[in-house]
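Visitor: The structure follows.
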Amino acid sequence: MNQFKQLYFSILLILVPLIGYSQTPKISKGNNKEKFINIYYDHPFCSYHGNLFFYKEILYTGKFKKFNSNGGLESKGSYLNGKLNGVWEYYHKNGQLRSKGSYIKGEKNGVWLEYYDNGKLAGKGSCIKGVMSGVWEGYYENGQLSSKGSYLNGEKNGVWEYYHYNGKIWDKGSYLNGEKNGVWEYYHYNGKIWDKGSYLNGEKNGVSEEYYDNGQLKCKGSYLSGEPNGVWEYYYNNGQLSSKGSYLMGHKVNIWLEYHDNGQLYKTNSYISAKSLQDYWDSTDTYR
């Protein structure tokens, strides 16, 4: 008798998981006569070829739900001739909504919303024919705005602003075709200026200044194609000059002077001359 009970419970332990998490697709008819497919993780009846979804080797049209191996909802929406179409929702493993938006013939179109796994909004913006377009905003989990700016043809364009977790500005400037261009400013967490300079095609170019979080100048000089170039000066946080010298495309050249924090000179360093370095590059056809 006891052996029979043990066999009975053993059979139940095998059958219950199979019943609860059956991999067999469930197909039913709704009032609108559309198909409904509920998929419990991957199933051989379902396949993807590129961005097309097939069910039993036929382009699928109808509503769709996919569940993970734990039985939690992973995504839901509709297909039209094998392509994502209409409103779709995607979920975190804890069941919270992860993102929501619309597709037209397999491409994202219209407003899309993204969420953290605690339900807080993480970002929002619009897509046109599958690429980001117009204003997008990002948020921290505390609800503070983290970033705001515009996309054009899927690339950042125009003014963008980024924020610290406390809501104060972090950095701001402009993009052109996805690359930083023009003046950019960066700020410390306390709101004081940290860095200010210009970009050209994503690289620092022109005069640049950096500051300590107490507002004192930290260094100043110029960039060329993203490299320090020309005379640079560095300062202690008490305002005293700490060092001064020249760069040639990121390399220290000629004489550099170093100072104590009381302003007294304590060291002189000699580096390869700018002319010698340039002659070397020219002779070896090497930029650096």
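Visitor: Among what's in the range 105-136 and is touching a residue at least 24 places away in the same chain (Cβ under 8 Å) and in a strand (DSSP E or B), pick the residue that is surrounded by the fewest Cβ atoms within 10 Å (Cβ to Cβ).
Guide: Only one residue tops the list, namely Gly125.
Visitor: Same structure, new question: Of the residues that make up the range 138-158, is at least one under 23 Å from Glu185 (Cβ atoms), more than 16 Å from the chain's Cα centre (by Cα) and not in a strand (DSSP E or B)? Reasoning before the result, please.
Guide: Here is the first cut: in the range 138-158, the ones under 23 Å from Glu185 (Cβ atoms) are 138-140, 144-152, 155-158.
So of that shortlist, the ones also more than 16 Å from the chain's Cα centre (by Cα) come out as 144, 152, 158.
Next, from what is left, pick out any that are not in a strand (DSSP E or B): 144.
Among the residues of the range 138-158, at least one is under 23 Å from Glu185 (Cβ atoms), more than 16 Å from the chain's Cα centre (by Cα) and not in a strand (DSSP E or B), which makes the answer yes.
Visitor: Conditions: (1) farther than 30 Å from Leu176 by Cα; (2) not in a loop (DSSP other than H, G, I, E, B). Asn238 meets all but one. Number of the miss?
Guide: Single failed check for Asn238: (2).
Visitor: Could I ask something else about it? Among the residues of the range 201-225, count how many are touching a residue at least 24 places away in the same chain (Cβ under 8 Å) and surrounded by 15 or more Cβ atoms within 10 Å (Cβ to Cβ).
Guide: Result for the range 201-225: 5.
Visitor: Filter the range 186-230 for residues that are under 17 Å from Gly173 (Cα atoms) and of a type in the set (A, V, I, L, M) and give the result. Even if it seems obvious, please write down each step before you answer.
Guide: Step one: of the range 186-230, the residues under 17 Å from Gly173 (Cα atoms) are 186-188, 191-210, 226.
Ile193, Leu200, Val207, listed by residue number.
Visitor: Give the number of residues within the range 137-146 that are among the hydroxyl-bearing types (Ser, Thr, Tyr) and either surrounded by fewer than 17 Cβ atoms within 10 Å (Cβ to Cβ) or farther than 19 Å from Gly101 by Cβ (or both).
Guide: Count: 2.
Visitor: Just give me the residues in the range 198-219 being part of a strand (DSSP E or B) and on the phi > 0 side of the Ramachandran plot, in sequence order. Walk me through how you get there before you give the answer.
Guide: So in the range 198-219, the residues part of a strand (DSSP E or B) come out as 198-200, 203-211, 217-219.
Correct list: Gly206 only.
Visitor: Of the conditions (1) assigned to a loop (DSSP other than H, G, I, E, B); (2) touching a strand residue (DSSP E or B) at 6+ places or on another chain (Cβ under 8 Å); (3) not aliphatic (A, V, I, L, M), Asn166 satisfies every one except a single condition; which number is it?
Guide: (2)
No lab work stands behind these numbers, since they all come straight from the coordinates. Values in this document were obtained by computation on a predicted structure and should not be read as measured data. Ideal geometry is used to build each Cβ from the backbone, glycine not excepted, and the neighbour counts take in all protein chains shown.
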